[in-house]
Amino acid sequence: GAVVSQHPSWVICKSGTSVKIECRSLDFQATTMFWYRQFPKQSLMLMATSNEGSKATYEQGVEKDKFLINHASLTLSTLTVTSAHPEDSSFYICSARDLIGGWETQYFGPGTRLLVL
Amino acid sequence: GIQVEQSPPDLILQEGANSTLRCNFSDSVNNLQWFHQNPWGQLINLFYIPSGTKQNGRLSATTVATERYSLLYISSSQTTDSGVYFCAGMRWEYGGSQGNLIFGKGTKLSVKP
């Protein structure tokens, strides 16, 4: 099956630093990639949708200057949490939609746990 | 956007028991998927099922699109089935965006040996 990887799998950083998370579709091309955030024991909340070569679309309440998204190619999207603060600590999950497969082929990465001290 | 409700929120089973998880939608959907999130956080695609019935081993799912609900059946449950089960739906509007999966709050399943 299709594989989506994320790196790093976990990160601990000091308050005020920036953290970059990479999301890659390993064996398929993704026209669209999604970034979700999940707090403990809660559901996934969509943060933003990105299409290759264009600006990301952010959900209401998500600061685009805080969470920078770059979808540079059909297999790579990055999320940068700028000037991270403890309240940004969360589980971040990326997802990629298969270019060929269409709507039904949306696959999820293993997630990145971010802890901001 | 659509609202997704899942029930029950928590479920405890003895190994070998069967269970049914339910997902209700506030509006019709073009895409409906079931996922299993394992204890490490990985989401695993179980079914893409906007309508009809599908089966995969001990799991099966049925979506009644006209009545806006979907059911996930787990038979002969095993401890490895533990985790959180999410359903997610998408409604794609013509002329709008490509559509995004909206997740329910999940059903936390614990299977005891």
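The values are calculated or read from the model by the stated rules, or taken from the named source; none is laboratory data. Nothing here was measured: the structure is a model prediction, and the numbers come from that model. Cβ coordinates were reconstructed from backbone atoms using ideal geometry, including for glycine residues, and neighbour counts include every protein chain displayed. In case anyone asks, the SASA skips ligands and DNA or RNA and just uses the protein heavy atoms, side chains included. Shrake-Rupley method; radii C 1.70, N 1.55, O 1.52, S 1.80 Å.
Using the 4.7 Å Cβ rule, please list in number order the cysteines from the protein assembly as shown without any candidate partner.
So far as the 4.7 Å Cβ criterion goes, A:CYS13 stand without a partner in the protein assembly as shown.
Considering Cα pairs under 8 angstrom that are at least six residues apart, work out the relative contact order of chain A and quote it in whole percent. Please list the in-between numbers first.
Numbers: 295 pairs, mean separation 43.2, N = 117.
Result for chain A is 37 percent.
Using amide H atoms built 1.01 Å from N in the peptide plane, name the residues 5+ places from B:ILE44, or on other chains, whose amide H lies under 5 Å from its own.
B:HIS36, B:GLN37, B:ASN38
Between rounded, prolate and oblate, where does chain A land on the alpha carbon gyration tensor, with a ≥ b ≥ c its root eigenvalues, rounded for a/c under 1.5, else prolate if a/b exceeds b/c? Don't jump to the answer; show the numbers that get you there.
Values: a/c = 1.80, a/b = 1.62, b/c = 1.11.
Verdict is prolate for chain A.
List the residues, sorted by chain then number, that are 5 or more residues from B:ILE102 or on another chain and whose placed amide H is less than 5 Å from its amide H.
Answer set, sorted by chain and number: B:GLY89, B:MET90.
For region A:55-60, in order, what is each residue's ³J(HN,Hα) by Karplus, 6.51 cos²θ - 1.76 cosθ + 1.60 with θ = phi - 60°, in whole Hz (x at glycine and Pro)?
Coupling constants for region A:55-60: 6, 6, 9, 9, 6, 4 Hz.
Using the Karplus curve 6.51 cos²θ - 1.76 cosθ + 1.60 with θ = phi - 60°, work out ³J(HN,Hα) for each residue of region B:27-43 in order, rounded to whole Hz, and write x for Gly and Pro.
8, 5, 10, 8, 9, 9, 10, 10, 10, 10, 9, 6, x, 8, x, 5, 8
State whether region B:11-84 is rounded, prolate or oblate according to the following rule on the C-alpha gyration tensor (a ≥ b ≥ c being the square roots of its eigenvalues): a/c under 1.5 gives rounded; otherwise a/b larger than b/c gives prolate, and the remaining case gives oblate. Walk me through the numbers on the way to the answer.
Values: a/c = 2.06, a/b = 1.62, b/c = 1.27.
In terms of gyration-tensor shape, prolate.
Taking the alpha-carbon distance from B:LYS105 and a cut-off under 12 Å, which aspartates and glutamates remain once sequence neighbours fewer than 8 residues away in the same chain are dropped?
Answer for B:LYS105, where 12 Å is the Cα cut-off: B:GLU5, B:ASP10, listed by chain and number.
Hey, could you get me the Stokes-Einstein D for the protein assembly as shown, Kirkwood radius over alpha-carbon pairs, 25 °C and 0.890 mPa s, rounded to whole µm² s⁻¹? All intermediate terms of the calculation are to be shown ahead of the outcome.
Working: Rh = 18.2 Å.
This corresponds to a translational diffusion coefficient of 135 µm²/s.
What is chain B's relative contact order, in percent, from Cα pairs under 8 angstrom and six or more apart in sequence? Walk me through the numbers before you get to the answer.
Values: 292 pairs, mean separation 41.4, N = 113.
That works out to 37 percent.
Can you work out ³J(HN,Hα) from phi for every residue in region B:59-72, in order, using Karplus 6.51 cos²θ - 1.76 cosθ + 1.60 and θ = phi - 60°, giving whole Hz and x for Gly and Pro?
My calculation for region B:59-72 gives 9, 8, 9, 9, 10, 9, 4, 5, 10, 6, 8, 9, 10, 10 Hz in order.
Express the accessible area of chain A per residue in Å², computed with a 1.4 Å probe while the remaining protein chains stay in the model.
Details: 5780 Å² over 117 residues.
Counting only protein heavy atoms, the per-residue value for chain A is 49 Å².
For B:LYS108, give me every one of the lysines with a C-alpha distance below 19 angstrom, ignoring sequence neighbours fewer than eight places off in its own chain.
A:LYS41
For A:LYS55, give me every one of the aspartates and glutamates with a C-alpha distance below 18 angstrom, ignoring sequence neighbours fewer than eight places off in its own chain.
The qualifying aspartates and glutamates are A:GLU22, A:GLU63, A:ASP65.
Buried accessible area for the B:A pair, summed, 1.4 Å probe, in Å² rounded to 100?
Numbers: alone 6490 and 6590 Å², together 11470 Å².
Chains B and A together bury approximately 1600 Å².
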